Amino acid sequence: MHLTDSLHFASDYPLRAHNTFGFDVRARLACRVETAEQFVLATRDARAAGLSKLVLGGGSNVVFTRDFDGLVLLVALAGKRLVSEDAEAWHIEAAAGESWHAFVDWTLDMNWPGLENLALIPGTVGAAPIQNIGAYGLEISEHLALVRAVDLASGERVEFDAAACQLGYRDSFFKREGRQRFAITSVTFRLPKAWRPRADYADLARELDARAAALTPRAIFDAVVAVRRAKLPDPLVLGNAGSFFKNPIVDAATFQILREREPDVVGYAQADGRVKLAAGWLIDRCGWKGRAIGQAAVHERQALVLVNRGGATGSDVLTLARAIQADVQHRFGVALEPEPLIR
Ligand code: EPU
């Protein structure tokens, strides 16, 4: 098939620009994928035979601890469109390789609001369902309608509706059973026409108050961008993968005991009665904010974010992460689970 010829495989490919920690690792083989067909062709190519495969979007949720001895599929599928519109909602589809932030910005330009709270999240559209990205009071699970993917084992095209994606807090089918088996090719969102501002999250409410602007989707987008810029490091300046740990969820009794010992512990009640703890607070309280082991450091303004000050390796970051986990476990009896994929 002639498309095979258009696939270009590169050997010993540098991944530094393809992971937001900026780790200087290499892939045995890499291939840029622009269409769903190319996912199939690339995985069936003789050069890929027997190699493990890694689908890589913006590399904003991965920690490479060593070179990748396999085939990296660099997601470059492009395109976004209005699929349909009815009295209640717009359905918008974007290809997996589109930049998430640029996509959100575009939906607002088109007057299709709903994703504004998720401005400035690094990475691609295709990565968004994998960890059910969420920030400032909104998760994409609220608006996700359909995920199209290629089954890398069979080469078949598959569709997942929202239920099949099994989206949970920083979790999905694609992060568990479907891991590395399905390459997401596009995501479709349902954006209801009955728009309501989502502006309760403390940092966001404060920023919007300070701006005293009308609560439009664009005003929320701008405020989210400002809050994120103030707290979170720009990966282009200081390598990082956003929050390094998930916020741990504990039962109500455990939270009560914790609060008796630490009256200002930060926790958010969940619908099921459990409590989500702010891992950033736990880490901060253990005195880790701004501290470093070698060139791997805890961010000065957000203790949940680990950064590469330059020249750190994935193993350095894991060493730091383990020291933090041990301290938090020892002081609070709470286990912290890393959020990004560790390779
Ligand atoms: N806190 C501290 N010290 C710190 C950091 C946080 O005391 O160093 C306290 C804050 O004062 C606040 C609470 O912890 O009371 C929560 O902090 P923040 O609002 O910054 O949010 P977060 O729980 O640390 C989560 C997400 C972020 C998302 C923000 C906003 C996770 C793992 N992280 O962070 O997502 O942007 O809420 O919604 O759920 C990401 O996943 O990469 C990410 C950045």
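Give me the accessible area of residue 341, 1.4 Å probe, in Å² rounded to the nearest 10.
40 Å²
Over 31 Å between C-alpha atoms is what I'm after, so list which of 231/276; 53/193; 175/289 land there.
Beyond 31 Å between Cα atoms: 53/193.
Using C-alpha positions alone, give me the convex hull volume of segment 13-149 per residue in cubic angstrom.
111 Å³
Taking a probe of 1.4 Å, how large is the accessible area per residue of the chain, in Å²?
46 Å²
Just to be sure I understand the curve: with the Debye formula and one point per C-alpha of segment 80-192, what is log10 I(q)/I(0) at q = 0.12 Å⁻¹?
Per q value, in the given order, log10 I(q)/I(0) is -0.37.
About the Cα centre, and with charges only on the beta carbon of Lys, Arg (+1) and Asp, Glu (-1), how big is the dipole of segment 3-75? Nearest 20 debye, please.
Roughly 160 debye, rounded to the nearest 20.
Can you pull the percent of segment 114-258's accessible area that's carbon plus sulfur, 1.4 Å probe, other chains left in place?
53 percent
Using only Cα positions of the chain, each an equal point scatterer, no hydration layer, compute I(q)/I(0) via Debye at q = 0.15 Å⁻¹ and quote the log10 values to two decimals.
Scattering profile of the chain, log10 relative to I(0): -1.37.
What residues have an amide H closer than 5 Å to that of residue 63, excluding those fewer than 5 places away on the same chain, when H is modeled at 1.01 Å from N in the peptide plane?
Here 341, 342, 343 satisfy the definition.
Order 144-154, 95-105, 77-87, 169-179 from most to least packed using the mean count of other Cβ atoms within 10 Å.
Top of the packing list down: 95-105, 144-154, 169-179, 77-87.
Can you list the chymotrypsin sites (Phe, Trp or Tyr not before Pro) in segment 266-334 that are in a DSSP coil and have 14 or fewer other beta carbons within 10 angstrom?
Qualifying residues, ordered by number: none.
What value, in deg cm²/dmol to 500, does the helix sum -39500 (n - 2.57) over DSSP H runs of n ≥ 4 give at 222 nm once divided by the residues of the chain?
So the helix-based figure for the chain works out to -7500 deg cm²/dmol.
Any idea what the relative contact order of the chain is, in percent, if you count C-alpha pairs under 8 Å spaced at least 6 apart?
In percent, rounded to a whole number, it is 16.
Could you state the orientation-averaged shadow area of the convex hull built on the Cα atoms of segment 115-168, in nm² to one decimal?
4.0 nm²
The values are calculated or read from the model by the stated rules, or taken from the named source; none is laboratory data. Worth saying up front: this structure is predicted, and the values here are computed from it rather than measured. Note that each Cβ is placed from the backbone with ideal geometry, even for glycine, and that neighbours are counted across all protein chains shown. We work out accessible area using only protein heavy atoms, side chains counted, and drop any ligands, DNA or RNA first. Shrake-Rupley method; radii C 1.70, N 1.55, O 1.52, S 1.80 Å.
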